[in-house]
Structures are given as structure tokens and as C-alpha cells.
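Take a look at the structure set out below.
What follows is calculated from the coordinates using simple rules that are stated; it is not laboratory data. Bear in mind the structure is a predicted one, so any value in this text is a computation, not a measurement. Please note: Cβ atoms are built from the backbone with ideal geometry, for glycine as well, and neighbour counts cover all protein chains shown.
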Amino acid sequence: MILPFLFVANTGGRGRGVFSSEYIEAGTVVEMSPVIIMSNEERKLLDQTLLHDYIFEWGYESDRCCMALGYVPLYNHSYTSNCEYEMDFENALISIRTVRPVQAGEELSINYNGEWNDKKPLWFEVTST
């Protein structure tokens, strides 16, 4: 499920991103997407490819990884994100929920650290938050 007013567009500096053409209230689930789960051995192979930047750690022990379908891989990182993601291990889903209101035309972002307000450094240099 992806809300019909979400769209993918060029961010003008960070590649593609997910945007909304409508106002969204805080606490709204904007996307629920299935994932493809892979083993730790497969993760080692993925880490050697461009897909490394699009996969998520998966499982209660983070002993696997997954590739989310839908728009999930295209949400850009922000330390002041307007969304958070939640993993449903039993149903193999990732949900994206707004943590504050989002204006029409605004880019939706998540914090790659897992918590919307976690400011730990990432594996890449963040040029825009």
C-alpha cells in the first residue's frame, strides 16, 4: 500500500526521493511494503554492489538483510526526518509513518539509524539533513 498522492522525483542533489502532493497529518502510515529477506551470506555479496545503499538490516538480531519493495528504498536520510520506519518481522513488511505534519510538495525522509531522532554518524557523509 502506497498512498496515491506520494510520488518519486529528483531531489536536485541527492538523487531521487519520495514527495507528497498533499498535506499529510502526523501519525499517518503512508506506505506498507513487502520485503525480500536475504541471509547474512547473501548480504556480504550485496555489500559489494550498489544495492548495499538500499538494503535494511533485518531480524530481531539483525542477522539478515532485506530489500524493501515499493518506494521504501528511495526515502532519503535526514537527522530531522519527518517519517519513521517500522519493521514487521512476522509479516515481512516495512511501514513508513509520518512523525510530524508533511506539507504538499515536501520530501518525505527517514533517519537511516532506525530512530527518527538518532544523530549517530552514518556509513556515508551526510551533506544535507
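When the helices of the chain are scored as -39500 (n - 2.57) per DSSP H run of n ≥ 4 and the total is divided over every residue, the value at 222 nm lands at -1500 deg cm²/dmol.
One equal scatterer on each Cα of the chain, no solvent, Debye formula: the resulting log10 I(q)/I(0) at q = 0.12, 0.16, 0.20 Å⁻¹ is -0.44, -0.80, -1.24.
Here the chain is assigned +1 on the Cβ of each Lys and Arg and -1 on the Cβ of each Asp and Glu. Its dipole about the Cα centre then comes out at about 340 debye.
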